[in-house]
Amino acid sequence: MTNLRIVAGLVLLAGCQSAPQQAPEELRATAGLGPTKGNKTFAEATFEPAGAGKVRVIVFAQNLKPGAEHGFHIHEAGDCSSGDGMSAKGHFNPQGKPHGNPASAEHHAGDLPSLKAEKNGRAKLDVVVEGITLTPGPASIVGRGLIIHADPDDFKTQPTGNAGARLACGVIKPG
């Protein structure tokens with residue numbers, strides 16, 4: 001009986017060693033932003049891991065005011081049902097910090113660099129952001145709202161940055 005157990009154990013070990021090792025599925029998230037009522041701005045955003053506590057954010061936006069800057073934020077709620085984007089609530093801020101420039105230590109987790117539209121009304125942003133994640137937990141942005149604003153973010157006015165109306169709204173989803 002002991003020999004049978006040893007043989008069975010060796011067979012199981014051999015099976016485990018020959019099984020191919022699969023890499024864990026890479027986390028990604030996306031958001032399609034549609035125009036709010038009366039606006040024409042739309043965008044696509046992709047989010048991917050960029051190291052511990054960092055996420056790479058890539059955004060392509062169209063129909064922005066040519067040559068202008070537009071505030072861009074992750075918002076608390078993944079809800080664009082209100083028509084004006086207000087159902088996305090305020091900026092995502094799990095650490096309870098003041099609104100500020102994302103390049104500084106003191107800012108909401110949802111504070112992102114402004115989108116800078118070219119003369120054709122298109123903008124591209126490719127940035128690595130610290131303090132947010134795609135994995136479950138308090139800093140996760142999956143299921144949150146993403147908003148493009150009409151005006152530049154002054155990175156000072158509390159709690160919004162005085163970025164004006166919400167031009168486009170989307171929900172960050174896995175994928």
- Query: Any number yet on Rg/Rh for the chain, C-alpha, Kirkwood?
  - Reply: 1.24
- Item | Candidates Gly110, Gly137, Gly71: whichever shows maximal mean-square fluctuation once the chain is modelled as a Gaussian network with Cα springs under 10 Å | Gly137
- Message: Among Asn93, Asn120, Asn162, which one shows the highest mean-square fluctuation when the chain is modelled as a Gaussian network with alpha-carbon springs under 10 Å?
- Response: Asn120
- Proxy reagent accessibility, fewest Cβ within 10 Å first, across Arg122, Arg166: Arg122, Arg166
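Note down the net charge around Gly38, summing +1 for each Lys or Arg and -1 for each Asp or Glu among other residues with Cβ under 15 Å from its Cβ. Don't skip to the end; give the middle numbers.
On the way: positive: Lys37, Lys40, Lys65, Arg166; negative: Asp84.
Within the 15 Å Cβ shell, the charges total +3.
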- With each label point set 7 Å from Cα along the Cα-Cβ vector, what nm distance links Asp84 and Lys54? 3.9
- List Phe155, Phe92 from most exposed to least, where exposure is judged by having the fewest other Cβ atoms within 10 Å. Phe155, Phe92
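Gln62: net charge of surrounding residues, Cβ under 11 Å, Lys/Arg +1, Asp/Glu -1, itself excluded?
Numbers: positive: Lys40, Arg122, Lys124; negative: Glu44, Glu118.
The answer is +1.
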- For region 47-91 (alpha-carbon point model, no solvent) the Debye-based log₁₀ I(q)/I(0) at q = 0.31, 0.32 Å⁻¹ works out to -1.05, -1.06
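Viscosity 1.002 mPa s, temperature 20 °C: give me the Stokes-Einstein translational D for region 65-135 in µm²/s, with Rh taken as the Kirkwood radius over C-alpha pairs. Intermediate results must be reported in sequence, preceding the final value.
Values: Rh = 13.4 Å.
Value of D from the Cα-based Kirkwood radius: 160 µm²/s.
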- Task: Past 24 Å, Cα to Cα, is the threshold; run Lys54/Lys173; Lys119/Lys173; Lys124/Lys173; Lys40/Lys119; Lys54/Lys116 against it and keep the listed order.
- Result: Lys119/Lys173
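Laboratory data are not the source of any read-out in this text; all were calculated from the coordinates shown. Worth saying up front: this structure is predicted, and the values here are computed from it rather than measured. So basically every Cβ, Gly included, is an ideal-geometry build from the backbone, and we count neighbours across all protein chains shown.
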